[in-house]
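Following: one structure in structure tokens, then a few remarks.
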Ligand SMILES: NC(=O)c1ccc[n+]([C@@H]2O[C@H](COP(=O)([O-])OP(=O)(O)OC[C@H]3O[C@@H](n4cnc5c(N)ncnc54)[C@H](OP(=O)(O)O)[C@@H]3O)[C@@H](O)[C@H]2O)c1
């Protein structure tokens with residue numbers, strides 16, 4: 001698997017990551033099946049796993065995905081390359097809803113809970129899950145700076161931000177990653193200049209829902225252009241969608257989710273797909289900005 005730097009940090013990660021969300025939300029597979037999915041991904045060379053305290057069913061289930069990943073890593077027993085687990089804080093799940101709470105006090109307790117769930121002494125990358133309308137981003141990021149000073153987190157990332165919020169955060173702390181929704185269907189950060197800004201600042205851009213999210217699965221599978229390009233290379237349309245993201249900028253790292261072993265193995269193989277000019281122009285025509 002080819003590696004990409006995790007922003008300006010000292011970490012290098014596989015250029016295709018694994019998104020843990022489908023393993024822990026409604027419709028999730030059994031625990032043993034979920035662990036097999038994570039193992040399949042690691043055996044395929046993935047060394048970045050994205051998670052969050054809130055990848056679970058509801059507030060009573062907080063930490064489900066983090067505990068699952070900790071168990072999967074313990075069971076694989078050092079048989080795979082060292083893995084960077086990137087988690088997040090700043091949301092809650094009352095009654096299964098997704099509610100922002102990025103007060104410093106809340107981020108401090110969420111970080112403690114994530115350390116416990118992941119059985120780590122330092123979180124390699126801790127991401128602010130979303131900006132809280134009631135809390136200035138400087139205050140939320142300030143709490144992460146304090147956690148970093150205490151050695152509880154190594155690097156700070158942001159999620160669901162625009163360029164303006166990123167600039168405000170950068171005035172408070174070094175930011176190594178931005179995680180936003182991005183795919184052939186959702187090119188906003190490519191056209192707005194956010195991805196280019198990340199590249200100029202040496203910030204990794206983690207593309208979430210890179211095959212369009214849960215509902216995007218059928219859209220990718222049925223799309224005539226993704227299918228045609230895939231057929232030319234003998235690969236799935238999903239690999240085409242992921243390789244297209246990789247071709248956008250050297251800072252982009254797609255983090256496809258998977259609840260099935262076959263999806264995890266197939267997505268990791270997008271690392272080996274090189275799209276040529278003819279493919280890229282066909283995709284540009286099919287998915288205009
Ligand atoms: N920061 C945020 O606010 C935020 C929001 C959403 C997601 N995320 C992160 O981003 C990750 C990815 O996003 P996502 O899970 O919403 O959407 P996604 O990666 O676009 O994938 C959605 C579904 O597509 C299917 N799929 C993926 N690759 C495939 C392949 N090669 N072949 C066939 N099917 C494939 C999987 O189906 P199966 O389940 O059937 O395997 C997966 O569940 C999440 O897991 C999470 O870590 C972050």
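Every read-out reported here was derived from the displayed coordinates using simple, explicitly stated rules and does not represent laboratory data. Treat the numbers as computed from the prediction; the structure is a model and nothing was measured. All Cβ positions, even for glycine, are placed from backbone atoms using ideal geometry, and neighbour counts span all protein chains on display.
Using the Cβ-Cβ distance between residue 98 and residue 285 with R0 = 35 Å, the FRET efficiency computed as 1/(1 + (r/R0)^6) comes to roughly 0.50.
Taking the longest Cα principal axis of the chain as reference, the axis of helix 224-233 is set at about 80 degrees. Cβ crowding within 10 Å ranks 208, 126 as 208, 126, fewest other Cβ atoms first. The distance from the alpha carbon centre of segment 7-77 to that of segment 102-175 is 20 Å, rounded to a whole number. The angle between the Cα long axis of helix 64-76 and the longest principal axis of the Cα atoms of the chain comes to about 70 degrees, rounded to the nearest 10. Bridges between two residues of the chain, per DSSP, are antiparallel at a rate of about 15%.
Once C-alpha pairs closer than 8 Å and six or more residues apart are averaged by separation and normalised to the residue number of segment 178-278, the relative contact order reads 29 percent.
Based on every Cα atom in segment 136-289, Rg and the maximum pairwise Cα distance Dmax equal 17.0, 52 Å. Answer rounded, prolate or oblate for segment 90-175, using the Cα gyration tensor with square roots of eigenvalues a ≥ b ≥ c: rounded when a/c is under 1.5, else prolate when a/b is larger than b/c, else oblate. Taking the square roots of the gyration eigenvalues as a ≥ b ≥ c, segment 90-175 is oblate. From least to most packed, judged by other beta carbons within 10 angstrom and beginning with the fewest, 238, 287 follow the order 287, 238. Each distinct pair of alpha carbons in segment 1-76 adds a 1/r term; the inverse of their mean, the Kirkwood radius, is 13.0 Å. The alpha-carbon atoms of segment 217-272 define a convex hull whose volume equals 79 cubic angstrom per residue. Taking 10 °C and 1.306 mPa s as the conditions, I'd like the Stokes-Einstein D for the chain in µm²/s, using the Kirkwood hydrodynamic radius from alpha carbon pairs. Using the Kirkwood radius from Cα pairs, D works out to 84 µm²/s.
Each principal axis of the Cα cloud of segment 19-124 was taken in turn, and the coordinate range along them, longest first, works out to 38, 31, 17 Å. How far is helix 137-149 tilted, in degrees, relative to the longest principal axis of the Cα atoms in the chain, given as a value from 0 to 90 rounded to the nearest 10? Result, in degrees: 80.
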